[in-house]
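Structure, as structure tokens:
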Amino acid sequence: MTSGASTPTYPARPPRSRLRTFLPLGIAAWLVLEIWLLTVVAGAATGFTVFLLLLAGLVLGAVVIKRAGRRAFQNLNETLQRGTAPSRGGGNGLMMLGGLLLMIPGLISDVVGLVLLIPPVQKALSRYTERTVERRLREAAPGTLGDAFQQARMHRPDGKVVQGEVIRDEPGRASEEPRPPLTG
């Protein structure tokens, strides 16, 4: 039975990105692999050994995160006292990520966390990430989130901000009042 009213048409949803499609599957596979590896190690050694490994990872991760956070805070304080522009992060973010991975229960995450604590790996990964982000920001289409970041990053040497609003004149509509001058 129809009421005569047209059914609303919704715009087509954009297709899901590969990341949104495969990320849940990757996380599920990683969790299954972590649990399987823990059971294999517990079978080869003892459950108490696995518990000690997980506890050591938790403690080491907490120490690494605390140290990286303290170093980042000291760098921020020094930068603010000097009054200069902040320098590169120095790998503090990757150290914190490595510490977080150490704190997550599992042997694979512990190995990846330990690899992230190696300085040459941090430098290489930092350079790769920086190049990738710069490239993505350059390629950002207008109206996207990347475009918003690109606009926010624009450097204005004089530091002036001009506030105002855009008023569109429609053809055929004449303005009756004179406009104020644009210079202030």
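Please find the FRET efficiency linking Lys66 to Ile104, where r is the Cβ-Cβ separation and R0 is fixed at 22 Å, and quote it to the nearest 0.05.
Working: r = 17 Å, r/R0 = 0.75.
Efficiency for this residue pair is about 0.85.
Just the accessible area for Phe51, please: 1.4 Å probe, Å², rounded to the nearest 10?
120
For a quick protection proxy, order the peptides 28-34, 61-67 by their average other-Cβ count within 10 Å, most packed first. Numbers along the way, then the final one.
Numbers: 28-34: 12.3, 61-67: 16.4.
Going by the mean number of other Cβ atoms within 10 Å, highest first, we get 61-67, 28-34.
Given a Förster radius of 35 Å and the C-beta distance between Thr129 and Val40 as r, what FRET efficiency does 1/(1 + (r/R0)^6) yield to the nearest 0.05?
Computed FRET efficiency for Thr129 and Val40: 0.60.
Once neighbouring chains are kept in place and the probe is 1.4 Å, which whole percent of the accessible area of the stretch 88-128 is contributed by carbon and sulfur?
77
The values are calculated or read from the model by the stated rules, or taken from the named source; none is laboratory data. None of these values were measured; they are calculated from a predicted model. All Cβ positions, glycine included, derive from the backbone under ideal geometry; neighbour counts span all protein chains shown. SASA here: full protein model, heavy atoms, side chains in, ligands and nucleic acids out. Shrake-Rupley method; radii C 1.70, N 1.55, O 1.52, S 1.80 Å.
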